[in-house]
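Novice: Let me begin by handing over the structure; questions about it come next.
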Amino acid sequence: MPATMLILALIAAAVWAGMLLAWHGFWRADQRLPSGLPLPEEAPAVAAVIPARNETASIGPVLLGHSLSRYPGPFTVTLVDDGSTDDTRARAQTIAGSAQEGRIRILEGAPLPPGWSGKLWALSQGVDAVAQSATPPRWLLLTDADIVHAPETLSRLVAFAEAEGLAMVSLMARLETGSRLGRLLVPAYVFFFQKLYPFPAVNRPSSWIAGAAGGCVLVRRDALEEIGGIAAIRGALIDDCTLAARIKRGPPRRAIWLGLADREVVSLRDTGRLATIWETVARTAFPQLQRSWALLALCTLGMALIYLVPVAAVVFGPVLGLWPALAGLLAWGLMGIAFWPTLKLYGGRPWEAALLPIAAVLYMAMTLDSGRRDLIGRASPWKGRTYSGIEKG
């Protein structure tokens, strides 16, 4: 047993060392939207499209944020009400009435057709409406009804995209960590996302790795049309990364960029309750693994190896002996080094990096629950809808 634990702990340490040295430097969490870049002399037109379903708590601040945008070029906001059963539409109309004339318009979404997710069907209708306008925009800002944009954000997004010749720019919105649970799970979530989609690799045109964060996606309208529009990804539950892959890999291949937001875009989603985070992860984790039980098993074993074995080797050191404990401590330390930049971004303290294995256990349970739901045929609920037949491939 001590020899086995020593080998497993050394493997875990080697994996963490490999990720620190070779996995595209994802752990540095250093991909940030530049500031100070000039816009073209004539700022291109931008149209934001927001799908909204039962967002009464957040739609007011979100639309107010867009109405206060300091973007110097033509900018409109199209909100598609996707069958809300609360007063989302009424609140949106109130904000639209007080905004600059023509800045915000509200569309009533058509009934959801088979094979579409509600969000993408709403986005598709909004994009089509924008494209049929007298002066179609060069850029589309695809964003969510619970994401608040700072007044300068759109100008910085467009300036960066234009300067770098990008087809897509995406920012992972800052998630709030107001509760103790949020401080444990949110930085870990952001860390795991970066590990799965290393941002530097996403941002390198020669790499095939693609990713995006659906809360803030600026995409060229012509690039979206060339892949077949939103309809090309109509059944995707993980729509942001699917769209990024289609845009980047083409044909033709196009450069994209993904970064972390400081306060440029902020999510109003409740991340203080375990049920909210659990439902979000369980809805998408198994589809992310291509609904493969083999991949789910490998993922679970892999996470147990790199997150739990180091802890076990240290905790049971008095029984296992000095060398397994030292190997476990090395692996745990490398894990903390990798996690620290993301934790620091969210205001964490150095010692909290040691708690990452606890978050990993919870996310492992969420992922396993995602597989369980698929096995028993339980549909994935979202905003009062279920999508049991979507994205099976």
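Novice: Exactly one of these conditions fails for Pro252: (1) in a loop (DSSP other than H, G, I, E, B); (2) under 26 Å from Thr4 (Cβ atoms). Give me its number.
Specialist: Exception for Pro252: condition (2).
Novice: Can you find, within the range 24-36, the residue that is nearest to Leu258 (Cα to Cα) among those that are in a loop (DSSP other than H, G, I, E, B), in contact (Cβ under 8 Å) with a residue 24 or more places away in the chain and open to solvent by 70 Å² or more (accessible area, probe 1.4 Å)?
Specialist: Among them, the one singled out is Arg32.
Novice: Would you check if Arg28 is among the basic types (Lys, Arg) and farther than 30 Å from Leu305 by Cβ? If you could, list the steps in order and put the result at the bottom.
Specialist: Details: among the basic types (Lys, Arg): yes; farther than 30 Å from Leu305 by Cβ: no.
Judged against the criteria, Arg28 is not a match.
Novice: Looking at this structure, is Ala47 open to solvent by less than 70 Å² (accessible area, probe 1.4 Å) and in a helix (DSSP H, G or I)?
Specialist: Values: open to solvent by less than 70 Å² (accessible area, probe 1.4 Å): yes; in a helix (DSSP H, G or I): no.
So Ala47 fails the test.
Novice: Here is a further query. For the range 255-279, which residues satisfy the criterion of being open to solvent by 40 Å² or more (accessible area, probe 1.4 Å), assigned to a loop (DSSP other than H, G, I, E, B) and in contact with a strand residue (DSSP E or B) (Cβ under 8 Å, 6 or more places away or on another chain)?
Specialist: If the condition is that a residue be open to solvent by 40 Å² or more (accessible area, probe 1.4 Å), assigned to a loop (DSSP other than H, G, I, E, B) and in contact with a strand residue (DSSP E or B) (Cβ under 8 Å, 6 or more places away or on another chain), then Asp262, Arg263, Leu268 are the ones that fit.
Novice: List the strands (runs of 3 or more DSSP E) that sit entirely inside the range 82-157 and contain at least 1 residues that are buried (at least 17 other Cβ atoms within 10 Å of the Cβ) and within 25 Å of the chain's Cα centre (by Cα). Before you say what the answer is, go through the steps one by one.
Specialist: Working: elements: 104-108, 139-143, 147-149.
In the range 82-157, 139-143, 147-149 are the strands (runs of 3 or more DSSP E) which contain 1 or more residues that are buried (at least 17 other Cβ atoms within 10 Å of the Cβ) and within 25 Å of the chain's Cα centre (by Cα).
Novice: Also, quick follow-up: If you go through the range 205-220 one residue at a time, do you hit one that is in a helix (DSSP H, G or I) and either buried (at least 17 other Cβ atoms within 10 Å of the Cβ) or at pLDDT 95 or above (or both)?
Specialist: no
Novice: Just one of (1) closer than 25 Å to Ala213 by Cα; (2) out of contact with any Phe, Trp or Tyr (no Cβ under 9 Å at 6 or more places or on another chain) trips up Ile95, so point out which.
Specialist: Just one mismatch for Ile95, condition (1).
Novice: Here's another thing I want to ask about it. Being open to solvent by less than 10 Å² (accessible area, probe 1.4 Å) and either farther than 20 Å from Ala245 by Cα or assigned to a loop (DSSP other than H, G, I, E, B) (or both) is the filter here; which residues of the range 174-198 pass it?
Specialist: Gly182, Leu185, Val186, Pro187, Ala188, Phe191, Pro198
Novice: State whether one or more residues within the range 285-297 are more than 16 Å from the chain's Cα centre (by Cα) and within 30 Å of Gly347 (Cβ to Cβ).
Specialist: Taking every residue of the range 285-297 in turn, none turns out to be more than 16 Å from the chain's Cα centre (by Cα) and within 30 Å of Gly347 (Cβ to Cβ).
Novice: Residues in the range 241-266 that are at pLDDT below 95 and among the acidic types (Asp, Glu): how many?
Specialist: Summing the residues that are at pLDDT below 95 and among the acidic types (Asp, Glu) in the range 241-266 gives 1.
Novice: Do the conditions hold for Arg53, that is, is it basic (Lys, Arg) and out of contact with any helix residue (DSSP H, G or I) (no Cβ under 8 Å at 6 or more places or on another chain)?
Specialist: no
Novice: Which ones in the range 366-383 are modelled with pLDDT under 80 and charged (D, E, K, R)?
Specialist: Within the range 366-383, Arg378, Lys383 meet the criteria.
Novice: For Ser179, all conditions in the list (1) modelled with pLDDT under 95; (2) closer than 22 Å to Lys119 by Cβ hold save one; what is the number of the exception?
Specialist: (2)
Novice: If you don't mind, there's one more thing I want to ask. In the range 159-171, is there at least one residue being over 18 Å from Ile247 (Cα atoms), more than 21 Å from the chain's Cα centre (by Cα) and in contact (Cβ under 8 Å) with a residue 60 or more places away in the chain?
Specialist: Looking through the range 159-171, at least one residue is over 18 Å from Ile247 (Cα atoms), more than 21 Å from the chain's Cα centre (by Cα) and in contact (Cβ under 8 Å) with a residue 60 or more places away in the chain.
The values are calculated or read from the model by the stated rules, or taken from the named source; none is laboratory data. What you see is a predicted model; the values in this text were computed from it and never measured. As a convention, Cβ positions derive from the backbone with ideal geometry for all residues, glycine included, and neighbour counts pool all protein chains shown. Ligands, DNA and RNA are excluded from the accessible area calculation, which covers all protein heavy atoms including side chains. Shrake-Rupley method; radii C 1.70, N 1.55, O 1.52, S 1.80 Å.
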